[in-house]
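Take a look at the structure below.
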Amino acid sequence: MFTSIAIIGRPNVGKSTLFNKLTKSRQAIVSDFSGLTKDRNYGYISFGEQKSLLIDTGGIAQDDTILKEDIAVQAWIAAEESSLIIFLLDGSQNLNKEDLDILSRLRKLNKTFITVLNKIDKKSDALIKEDLNKRGINNFFEISAEHSKNLLDLRSFIKKSLPSNQTQVPEGKKIAILGRPNAGKSTFINKFIREDRLIVSEIAGTTIDAISIPFSVNDDDFIFIDTAGIRKGYRNAHKIEYFSYVRAMHSVETCDVVIFMCDASEGLVDQDLKIINMVSEMGKPLVLAFNKMDLLTKRQKDDLYETKRVQSNFVDNFFKIEISGIKGRGFKKLFKVTNNVIENAQKKYTTSSLNKLLEKFTTQSAPPSVNGRQLKLKHIHFGGINPTTLVIHSNQDKKIPQNYKKYLENSFRSSLKLQSIQLKLIFRKSDNPFENKVNKLTDRQIKKRQRMMKHVKK
């Protein structure tokens, strides 16, 4: 059971730092640059057995740009949907107009909020305390989120301030949306959940953090994870962009399935294949979504599927779904396929069922000879998920022909319905139970051996 808590404030007052400290994570990107957090970011803060949803928001600034306005809208949506609000201020600076405007609007919301002064470790002559007193705020917390000063006291006060009305913790199957910048990931999520939940902009790189969005379909719970677009050369890019990549990969590690979204007009490029390969190496199921199909002519669609990258054996293992994020086309099929992939990827298989399949496949195509010895596949058992792992015991574990390994992989993949799911076959040499075991000779056998040795010709 949990309540929701939103952290509100102008840019660069330390909201993401406080979010990371309270959730005991590194979920939010932290930097000296202002305006890094753009969408609502969700995490959990625990008070013993009690769990609350903590929401990190973008900085509310007085700026006429559309992007800044969208960030402010998202922040106030978070405040309105929360049970408790943390109003965070920079304690090393005086109150400015942005702070006062936020305070004024907070009072109009008629919600419980806690005023917190951050960065008290910095030397300053600021008169922020006096300014707050003048405006009727006499109770506030002084902390240093960066150095964890007074955070225990703040956590204790937050716990006491939580309202009694509690709701169920949103849990569910995690679906990470991956792709290059401007592939349409955020647009797809907004359209799917029928809510302007994520900021959408033509400016590449609008999403720079991994954002979790809970939703339900037919009483089944899911969580979309919108990730930052992964650019070419991210390893050598600015640290913010690199950390965005790290966050995206962390989202892959924690998710149940990845939807890789690409711009159909561009097709799969080298950068896409690199990302897909990284996901595959992590053992995660993956579904390909070709977005913006509504912009393509029939000839362009045909050309898309004729490209070598789409026709490659590597990509051929994945489901390929056509969608239009703007028009909402193909969503039902994409979601159905993705849900089925999740269920199949989490299946566990009995030893008996796997051995029946192994016997069937070896009967259809007998194992070859390896170094003059007939390859014998003795038995098989289930080894785990993500990737789906099958362990095959044989009389040899090395120099097994690659084409026969591929035959077994394709056969198991087809029979177990593992399309879009990573499959790993491990070959192990079965140990001889009698190897290095010598029966102890009896006294009679020892004497007989001694007699026989006397007759041996020298």
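Coordinate-derived values only; no laboratory data. Remember, it's a predicted structure, so these values are computed and weren't measured experimentally. A quick note on method: Cβ atoms are made from the backbone with ideal geometry, for glycine too, and the neighbour counts reach across all protein chains shown.
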Revision key, fill the gap. On the formula 1/(1 + (r/R0)^6), with r taken between the Cβ atoms of residue 355 and residue 150 and R0 of 56 Å, the FRET efficiency rounded to 0.05 is 0.35
Exercise for review: For every other residue with a beta carbon closer than 12 angstrom to the beta carbon of residue 391, add +1 if it is Lys or Arg and -1 if Asp or Glu, then tell me the sum.
Suggested key: +3
Practice item. Among the listed pairs 320/347; 284/308; 327/417; 292/320; 191/347, give every one whose C-alpha distance is greater than 19 Å. Key: 320/347; 284/308; 327/417; 191/347
Practice item. Report, for segment 82-198, the % of DSSP beta bridges that are antiparallel, rounded to 5. Key: 10
Review point. Using 0.36 nm per residue, how much length does the chain from residue 51 to residue 343 gain when fully extended, once their Cα-Cα distance is taken away?
Key: 102.4 nm
Check your understanding: Rounded, prolate or oblate: which fits segment 91-172, taking a ≥ b ≥ c as square roots of the Cα gyration tensor eigenvalues, rounded meaning a/c under 1.5, else prolate when a/b beats b/c?
Key -> oblate
Study note, to complete from the structure: Here, residue 157 and residue 220, labelled 7 Å along Cα→Cβ, have an inter-label distance in nm of 4.5
Exercise for review: With label points built 7 Å along Cα→Cβ from the Cα atoms of residue 298 and residue 93, find their separation and express it in nm.
Suggested key: 6.0
Review point. Cα-based Rg of segment 304-343 per 2.2 N^0.38 Å, rounded to two decimals?
Key: 1.35
Check your understanding: Once the piece of chain linking residue 417 and residue 142 is laid out straight, how much longer is it, given 0.36 nm per residue of separation minus the C-alpha distance between them?
Key -> 93.3 nm
Practice item. Please give, to one decimal in nm, the separation of the simple spin-label points placed at residue 270 and residue 402, each 7 Å out from Cα toward the Cβ. Key: 2.2
Exercise for review: Sort 83-95, 177-189, 110-122 for me by packing, meaning the mean count of neighbouring Cβ atoms within 10 Å per residue, highest on top.
Suggested key: 177-189, 83-95, 110-122
Review point. Roughly what % of DSSP beta bridges within segment 351-429 run antiparallel, to the nearest 5?
Key: 55
Exercise for review: Give, in nm to one decimal, the length gained when the segment between residue 363 and residue 327 is fully stretched (0.36 nm per residue of separation minus the Cα-Cα distance).
Suggested key: 7.9 nm
**Study point:** Protection-proxy order for peptides 7-19, 215-227, 282-294, 352-364, each taking the mean of Cβ atoms within 10 Å per residue, highest first
**Key:** 7-19, 282-294, 215-227, 352-364
Review point. For segment 88-133, with only Lys/Arg (+1) and Asp/Glu (-1) charged at the beta-carbon, what is the dipole magnitude about the Cα centre, in debye rounded to 20?
Key: 240
Practice item. Compute the projected area of the convex hull of the Cα atoms of segment 351-429, averaged over all viewing directions, and report it in nm² to one decimal place. Key: 4.8
